[in-house]
Amino acid sequence: MTTHATRLRDDLPRPWLASYPEGVPAEIPPPEFASLADFLRTRCAEHGAKPAFTCLGKSLSFTDLDRHSDALAAWLRERGFEKGDRIAVMMPNTLQYPVAIAAILKIGAVVVNVNPLYTPPELRHQLTDSGAKGIIVLENFAHTVQEVASVTPLEHIVVSAMGDLMGLKGHIVNLVLRKVKKAVPAYDLPGHARLKGILSGHAGKASAAVPIAADDLAFLQYTGGTTGVAKGAALTHANILANLVQMKLWLDVKFRVTGRRPDPVIYMCALPLYHIFALTVNCMGGIDVGAHNILIPNPRDIPAFVKDWKAHPPHIFPALNTLFIAMMANEDFRRMDFSDLMITIGGGMAVQRAVAEQWQ
C-alpha cells in the first residue's frame, strides 16, 4: 500500500467537475491527521460534553466516547492484542458500537464489522477469513458466536447488553429484552468478558499510544455476501480520513449556500453502522463535525423510528431506497414537519427516480 493518491493525467477530461457547486475543489487537500486514532482523540477533545450519540433516549458525549474507548483499549492491550490484530464487532446501532471501534482503532488493531443477523456459517466464514482473534458482540447474538467459536481463530469474546451504557434506564431495557420480549437467546461462552465490567474496571486507564501510519489497515469491511461469500475490502486509515475531507467539503457548500449551520448538526442514523455507508457518513463523519447522531437500532419498526424523528428532528438523513419507501408509507411520518431537514443522502445503490421524486 502507498500513502499517495493516484492522480489522473492532467490532459484527461474531467466532465464531472461541471456538476460541482462553487467552493468544491477538484482535488482534496491532505488529511489533517496521520491516523484515525489521532482523529478520534482530537475530535473528542474538541467537542467534549456535546452529545455524540443517542440511543433509546440515552446519550453518549464525546468525552464519554473517549474515556470508555480508552478503558476498552487498555483492556484489549492487557489481553495481548497488538497492532494489526483483527477484532470483530457484531452489533446493531447501539451506544457501544462507536466505543468498540474507537478502542480497536486506538490500539492500531483492525475492525472487522459483522452483520449481527449473520447465520453461523456466514459468521464462521468471516471470522476465519479475517483471522479475527477477538469479537465484541451484543448478547442478543451471542448464541450465534457460541455455535462457531471453537472452529474460528477467536481467543477472546466480549459480550455486551443493550442497556450497558444507559445508566439506570439500562436495567429496564435489559429486563424488557431478556424477560418480556425474549430477545436474548440462551448462550454458553466459557471465559467471556462482559463489556460493562471492563469499562468499570478500567475506568481512567488508557493504553500507550501506538505508532500508526496512514497506510496501516483500519477496517476489513466485508461486502458482496448476496453474490457469493462475502469478501473483505481492505481500508486504510488514509482511506477513511480522505472520505472525511471529501464529506466536509460538500457539507460546507450546503451550510454556506443556506447561510445556516446548526450547532449541533443532527444526523439521523437508521442505517446500520456496521455497513460502510453509515460507518463513514454517520459515525466517522458525524464525529468529525461534532454532530449528534440519533441511533435507530431497528429501522423496520417505523412507528418507533417516527417517534425518534419527532424527538430529534434531523438536519442530515442518509438512507436508501427501501427505507425511503417504508417511511413514506407511514401516515404519521408523512404528516411531520420537515423544515429542519437540510440534506438527504442516498446510498447503497442509486436512488430510484420514482422514489426520489416521491421523497421530494
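Bear in mind that the values in this text are calculations on the coordinates, not laboratory data. None of these values were measured; they are calculated from a predicted model. A quick note on method: Cβ atoms are made from the backbone with ideal geometry, for glycine too, and the neighbour counts reach across all protein chains shown.
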Debye, to nearest 20: dipole size of the chain, +1 on Lys, Arg Cβ, -1 on Asp, Glu Cβ: 700
The chain, relative contact order in percent, only Cα pairs under 8 angstrom and at least six apart counted: 18
Residues of the range 309-336 with amide N under 18 Å of a point placed 7 Å along Cα→Cβ from S59: 309-316
Inter-label distance, nm, simple model (7 Å from Cα along the C-beta direction), R335/Y20: 4.6
Theoretical gain in end-to-end length, L168 to K310 [0.36 nm per residue, Cα-Cα removed]: 48.7 nm
Candidate values (1) -0.34, -1.12; (2) -0.30, -1.28; (3) -0.53, -1.14, label of the one derived for log10 I(q)/I(0) by the Debye sum over Cα atoms at q = 0.07, 0.14 Å⁻¹: (2)
Peptides ranked, highest mean first, by Cβ atoms within 10 Å: ranges 112-119, 41-48, 160-167, 20-27: 160-167, 112-119, 41-48, 20-27
Chain lengthening between A186 and E357 when straightened (0.36 nm per residue, less Cα-Cα): 57.0 nm
15 Å beta-carbon shell around L105, net charge (K/R +1, D/E -1): -2
Radius 13 Å from Cβ of V158, net charge of other residues (Lys, Arg +1; Asp, Glu -1): 0
Total formal charge among the other residues, if their Cβ is under 15 angstrom from that of G201, Lys/Arg +1 and Asp/Glu -1: +3
Dimensions (Å) - the range 195-291, Cα atoms, principal axes, largest first: 45, 44, 29
